[in-house]
Amino acid sequence: MQEKLQCYMCDRIDNRGIVIYNQYVCRNCELQLIKINLDELKYEFFKRKLKKMWKYTLV
Ligand SMILES: [Zn+2]
């Protein structure tokens, strides 16, 4: 028996996704989440590098 789950983000019903923070997220939204998180991580990394650069130029 396969359980059908409803996606927390897009309301699609399937059972191939994952559960994040007790919420079911379908495969499609999972991929989008990963992409968003990676972009944010990159942005955060870039921001920190820039901050460091500024520090060095100002001191
Ligand atoms: Zn979804």
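The values are calculated or read from the model by the stated rules, or taken from the named source; none is laboratory data. Everything quoted here is computed from the prediction, not taken from an experiment. Heads up, the Cβs are rebuilt from the backbone with ideal geometry, glycines too, and the neighbour counts pull from every protein chain shown. Ligands, DNA and RNA are excluded from the accessible area calculation, which covers all protein heavy atoms including side chains. Shrake-Rupley method; radii C 1.70, N 1.55, O 1.52, S 1.80 Å.
From the residues in the stretch 19-59 that are among the hydroxyl-bearing types (Ser, Thr, Tyr) and open to solvent by 100 Å² or more (accessible area, probe 1.4 Å), which one is nearest to residue 7 (Cα to Cα)? It would help to see each step written out before you state the result.
Within the stretch 19-59, the first condition is being among the hydroxyl-bearing types (Ser, Thr, Tyr), and the residues that meet it are 21, 24, 43, 56-57.
Checking which are open to solvent by 100 Å² or more (accessible area, probe 1.4 Å) leaves us with 21, 43, 56-57.
Details: 21: 13, 43: 28, 56: 47, 57: 48 Å.
Across the stretch 19-59, the extreme among qualifying residues is 21.
Looking only at residues that are part of a helix (DSSP H, G or I) and of a type in the set (Asp, Glu) in the stretch 1-48, which one is farthest from the ligand (Cβ to nearest atom)? Within the stretch 1-48, the match that is farthest from the ligand (Cβ to nearest atom) is 44.
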